[in-house]
Amino acid sequence: MNSLTVQRSEALIGQVRVPGDKSISHRAVLFGSLADGVSRVRGFPRGGDCLATLECVRRLGIEIEEAGADELLIHGRGLHGWQEPSLPLDCVTSGTTMRLLAGLVAGAGIFAVLSGGPQLSRRPMGRVAEPLRKMGAIVLGRQRGTLPPLAIQGGNLRGIDYRLPIASAQVKSAILLAGLFTHDLTVVVEPGPSRDHTERMLRAMGAPVHTLGAKITSEAPTTPLQPLDLRVPADMSSAAFLLTAAVLVPGSVITLEDVVLNPTRRGLFDILRRMGADLRISEETEVCGEPVGHITARPGPLTATTVAGEMVVRAIDELPVLAVAATQAHGITTVRNAEELRVKETDRISTVVAELRKLGAHIEAQPDGFIVEGPTPLRGAVVDSHGDHRLAMALCVAGLLAHGETTIMDTECMADSFPGFERLLVKLGAEVS
């Protein structure tokens, strides 16, 4: 079991680029395989989750060349070009891979088994299985089709009008992707905004996907999907850990290059600004329908806040590191309506609370979130990631603030989303070993 030791840090200084965005990378590989022709994807991250998607698509008969360290050439075979796999599609730890594949397998008219490791096998899949069954797919799994592995027989789907019970980009995407294979209209209604990378990328490829307020529609394209040619922008969810570190460590100035600034992804950025952090955007541009820019972060006195409702959806993956920031904010920070944290890689409410308490944080778990009182001096201790990559990185950030030495156990999982995280911290001036 790997571990990292982090010392209390002085100023973090530098300009760096974090790995490519996971959400966009998953979709680029999956959607590129459906295009008519060769898609070129640069800046593809080598994290475990995205590599799982890459290998699953290869098992579906798609040729993918690796043209250098981070460049892919995906030989798309059109909407109906997937071959039925002879072995299960191993999604490893990636919920995004499994949920998006479920929608596409259901539409493609093939049989496939979607499996994963012990961590993924505990994550709920009923919210995806239910609408796909309504569209006509056969979806089987453990506990009445609610837990992986999933066995899916697709084909002959019909469009549905489906209202999501909770905002979920992965469930929404699965339904919209299945809708590309129907002969009528598929409608998804969201209770609140969720990530819209699927809609943006499919539109850029020429797919008939339309958004009108909370209603999104998809239907079968009348022309082949166009290949992609993009450099994947930097991942906001990965950038969040370095942004938070810069905001909390006195004297820091960090610039992160080419970060995706999609409004559905910049929840933590907006929360930290609201709390008083000095965060500035420059060099704005657009990549494949996605806004992109540089972010410069400096410390500022933080004031406690409340995070709930729509903002939770926009910041769900960053809430562990927000809890770290809240320990240094003046007042009581409350996070609620975040029940989804309980069914991530770990029960992130329980694990975040338990591990930050070891460092001296005043944090209390709630059924749907947590409450943090600050500012509180943190002290070094031995803490455990529980195999959760985002918790591991949040604890590293906490270690930069804590007096003494902090040891984080089981840090190998950080490579799931941010390979080289510890090396970037060292490059910025942190003491990590």
*Given (1) assigned to a strand (DSSP E or B); (2) in the same structural domain as Ala381 (by TED's automatic domain parsing), where does Glu10 come up short, assuming only one miss?*
(1)
*For the stretch 129-145, state whether one or more residues are over 22 Å from Lys344 (Cα atoms), among the hydrophobic types (A, V, I, L, M, F, W, C) and free of Cβ contacts under 8 Å to residues at least 24 places away in the same chain.*
yes
*When only residues in the stretch 402-416 that are assigned to a helix (DSSP H, G or I) and crowded, with 24+ Cβ neighbours inside 10 Å count, which is modelled with the highest pLDDT?*
Met414
*Give the stretch 330-351 a look and list any residue that's under 18 Å from the mean Cα position of the chain (by Cα) and either over 17 Å from His389 (Cβ atoms) or not in a loop (DSSP other than H, G, I, E, B) (or both), or say none.*
Ala338, Glu339, Glu340, Leu341, Arg342, Val343, Arg348, Ile349
*Return yes when Glu412 is under 21 Å from Thr255 (Cα atoms) and in contact (Cβ under 8 Å) with a residue 40 or more places away in the chain and no when it is not.*
no
*Single residue of Thr223, Thr211, Thr217 found to be outside any helix (DSSP H, G or I), of a type outside the set (Asp, Glu), outside the structural domain of Leu34 (by TED's automatic domain parsing) and within 18 Å of His80 (Cα to Cα)*: Thr223
*Given the conditions (1) at pLDDT 95 or above; (2) β-branched (Val, Ile, Thr); (3) more than 10 Å from Ile271 (Cβ to Cβ); (4) surrounded by fewer than 22 Cβ atoms within 10 Å (Cβ to Cβ), report the number of the one that Thr327 does not fulfil.*
(4)
*Could you say which residue among Ala129, Ala151 is at pLDDT 95 or above and assigned to a strand (DSSP E or B)?*
Ala151
*Of the criteria (1) under 22 Å from the mean Cα position of the chain (by Cα); (2) surrounded by fewer than 16 Cβ atoms within 10 Å (Cβ to Cβ), which one His294 fails*: (2)
*Count - residues of the stretch 13-69 that are more than 19 Å from the chain's Cα centre (by Cα), crowded, with 24+ Cβ neighbours inside 10 Å and in a loop (DSSP other than H, G, I, E, B)*: 2
*Considering only residues that are in a loop (DSSP other than H, G, I, E, B) and in contact (Cβ under 8 Å) with a residue 60 or more places away in the chain, look in the stretch 169-191 and name the one that is surrounded by the fewest Cβ atoms within 10 Å (Cβ to Cβ).*
Thr182
*Tell me which residues, restricted to the stretch 370-409, are free of Cβ contacts under 8 Å to residues at least 40 places away in the same chain and under 16 Å from Val335 (Cα atoms).*
Ile371
*Of all residues in the stretch 107-119, which are of a type in the set (A, V, I, L, M, F, W, C) and in contact with a strand residue (DSSP E or B) (Cβ under 6 Å, 6 or more places away or on another chain)?*
Phe111, Ala112, Val113, Leu114
_Filter result (of a type in the set (Lys, Arg), in contact (Cβ under 8 Å) with a residue 24 or more places away in the chain and outside any helix (DSSP H, G or I)) within the stretch 250-281_ = Arg265, Arg266
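The values are calculated or read from the model by the stated rules, or taken from the named source; none is laboratory data. None of these values were measured; they are calculated from a predicted model. Reconstructed Cβ throughout: ideal geometry from the backbone, glycine too, with neighbour counts over all protein chains shown.
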